[in-house]
Amino acid sequence: MLDTSGVALKATLSNDLPDVIKPNNDELSTLLNRSVSENPTDALSALRDSRLTNIPVVVVSLGSTGAVVKVGTDSPTFYFVKTRALTVVNTEGSGDAVVGGMSYAFEQGLDTLSTIKYGMAAGMANVLEPTTGFVNPQNVKGFFEDDSQILFQKVPSAMEV
């Protein structure tokens, strides 16, 4: 699972490909040498770039908009992940919380979409805290277990993005 940016991201993707990458839209913009906004349609379009084809899971965080996801390599499935609007206290560390949550879920043996959902729940829990990088496990569990908090919308076809 890779969460890095800039030269390190480009260098890694030119060598051994990770199973999962989690760039935000700005990091993806730098990687692809094009602007990728927080607009889900724009970000989903960027997921079709050939440099991402052989990476099994790509999760692009879009701040309060949620995320877009590509799962698979040969016939990938694309998703828009919508998160419930929250009263934000502190966004610092949210991306790291997403990666930490996904890592924990992966270690617990959760399936791919549940792993992504758990990561999103951790990112949501992070924004509620004044302390950077602090995540209340009860909030993560609540967001993860309540199906109204994090919604996966499957994009019917990459061609329709």
Give me the number: length gained by fully extending Thr131 to Asn15, i.e. 0.36 nm times residue separation minus the C-alpha to C-alpha distance, one decimal in nm.
38.1 nm
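Averaging over all projection directions, find the projected area of the Cα convex hull of the chain and quote it in nm² with one decimal place.
On the way: hull surface 35.7 nm².
Convex hull of Cα atoms, orientation-averaged projection: 8.9 nm².
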If I build a Gaussian network model for the chain, linking alpha-carbon pairs within less than 10 angstrom, which residue out of Gly93, Gly119, Gly101 has the largest mean-square fluctuation?
Gly93
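Per residue, how large is the accessible surface of segment 37-161? Use a 1.4 angstrom probe and give square angstrom. Please report the intermediate quantities before stating the final value.
Details: 6220 Å² over 125 residues.
Accessible surface, normalised per residue, equals 50 Å².
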Could you give P(r) for segment 86-148, binned at 5 Å from zero, as whole percent values over all Cα-Cα pairs?
4, 24, 30, 26, 12, 4, 0
Roughly how many whole Å is it from the C-alpha centroid of segment 122-150 to that of segment 53-84?
20 Å
Work out, step by step, the length gained on full extension between Arg48 and Leu86: first 0.36 nm times the residue separation, then minus their alpha carbon distance; give nm to one decimal.
10.7 nm
For Lys141, the lysines lying under 28 Å Cα to Cα, once residues fewer than eight places off in the same chain are dropped, come out as Lys22, Lys70, Lys82, Lys117, Lys154
Dipole magnitude of segment 53-161 about its Cα centre (Cβ charges: Lys, Arg +1; Asp, Glu -1), debye to nearest 20:
180 debye
In the chain, what % of DSSP beta bridges are antiparallel (nearest 5)?
80 percent
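The values are calculated or read from the model by the stated rules, or taken from the named source; none is laboratory data. For clarity, every value in this text was computed on a predicted model and none was experimentally measured. FYI the Cβ positions are ideal-geometry reconstructions off the backbone, even for glycines, and counts take in every protein chain you see. Ligands, DNA and RNA are excluded from the accessible area calculation, which covers all protein heavy atoms including side chains. Shrake-Rupley method; radii C 1.70, N 1.55, O 1.52, S 1.80 Å.
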